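First comes the structure, then the notes that go with it.
Derivation of every value follows stated rules applied to the coordinates shown; laboratory data play no part. Note that the structure is a prediction, hence the values are computed from the model and not measured. Cβ sites come from the backbone with ideal geometry, for glycine too, and all protein chains shown count toward neighbours.
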Amino acid sequence: MQRIKTFLIAVALTAAAAPAYAAGGHALTYKFEPDSNNIQSAQRGARNFMNYCSGCHSMKHLRYGRLGQDLGIPEDLLKANLMFTSDKPGDHIVSSMPKEEAAKWFGQTPPDLTVETRMRGADWVYNFLMTFYVDSAKHSGVNNLTLPGASMPHVLMDLQGVQVKVEEKAEGHGEEGHGGGHHAGPKFELVQPGKLSPEEYKKFVTDTVNFMHYAAEPGRNARIALGYKVILFLLLFTILAYLMKKEWWKDVH
Ligand code: HEC
């Protein structure tokens, strides 16, 4: 009995702790909602991911072929534009980077990102990619507000440009290049523009995270569509069952 009690308390505590962990312990700077119905965005995101991320990060639970099928990318385009580590669509998306070397270079092996958005939240990943800033105290020259001390270099710096963190001022808002809802907190100032405008960079990150959101559960759209059908069926079946009950019981009274 005692054991069961301890177990139940442990389960309750774990459940209570989970959201706090997922939120990263502090409020995120930008709000973000992934869009699983925007296939074009996920397609662009797949291209972004393969070009800018897959050199270091794998998505080893996803196959190229599945990705092509789900996102409507024909095999020849898939091979020409997205498949850098293999030419077999049945292969998993692995990174070409040797693990031991990566650990030496970055102090840490870049983690597999297949289910990253489910682990951290899509909004967390969006914030992570938006909040790199110059920090001369760091050996790589940049730091990250969402994951302080991150050992990942700002690989998108030539796209985003260079931003610095401005000390938080009480109720300062409406700053240029900030857009979309954000909470009070540290703000960023672009000191050197990148190849993309702030709006374009936001779109680039949105596409990338939409793709990662797809990859974390490739069957999501099918699951939701099936769910609606099942509920519709149950509703119709309830009506039928009710009519049948009325018919069967009509002579009893
Ligand atoms: C040059 C190698 C490299 C490239 C390219 C790279 N990353 Fe990383 N990334 C890393 C390393 C190393 C870490 C581990 C950072 C840490 O935990 O300190 C990391 C961590 C992350 C994390 C946080 C993982 C976690 O939950 O702690 C995310 C998310 C991420 N990368 C996304 C991306 C995306 C998206 C791209 C492409 C736009 C990308 N990375 C490109 C090296 C890279």
Report the local net charge at residue 149: Lys and Arg +1, Asp and Glu -1, summed over other residues whose C-beta lies under 13 Å from its C-beta.
0
Scattering from the C-alpha atoms of the chain alone, worked out with Debye: what is log10 I(q)/I(0) at q = 0.14, 0.15 1/Å?
-1.05, -1.15
Packing-based ranking, highest mean first, of 120-129, 48-57, 207-216, 69-78 given that Cβ atoms within 10 Å are counted
207-216, 120-129, 48-57, 69-78
The chain: angle of helix 39-52 to the longest principal axis, Cα-based, in degrees nearest 10:
40
Taking a straight Cα-to-Cα line shorter than 29 Å from residue 88, and setting aside same-chain lysines fewer than 8 residues away, one finds 60, 79, 99
Along the charge dipole of the chain, pointing to its positive end and built from +1/-1 on Cβ of Lys, Arg, Asp and Glu, which listed residue (98, 219, 84) has its Cα farthest out?
219
On Cα atoms only, tilt of 220-249 relative to the major axis of the chain in degrees:
20
If you fit an axis through the alpha-carbon atoms of helix 198-216 and take the longest principal axis of the Cα set of the chain, what angle between them do you get, 0 to 90°, nearest 10?
50
Under the helix-only model (-39500 (n - 2.57) for each DSSP H run of 4 or more, divided by the residues of the chain), the mean residue ellipticity at 222 nm, to 500 deg cm²/dmol, is -15500 deg cm²/dmol
Name the lysines eligible as straight-distance cross-link partners of residue 31: C-alpha to C-alpha under 21 Å, and not fewer than 8 places from it in the same chain.
165, 169, 187, 202, 203
Roughly how big is the chain's charge dipole about its Cα centre, with Cβ charges of +1 (Lys, Arg) and -1 (Asp, Glu), in debye to the nearest 20?
1000
Which order do the peptides 105-116, 233-244 come out in when sorted by mean C-beta neighbours inside 10 angstrom, highest first?
105-116, 233-244
Please report the relative contact order for the chain, taking Cα pairs under 8 Å with a sequence separation of at least 6, and give it as a percent rounded to a whole number.
25
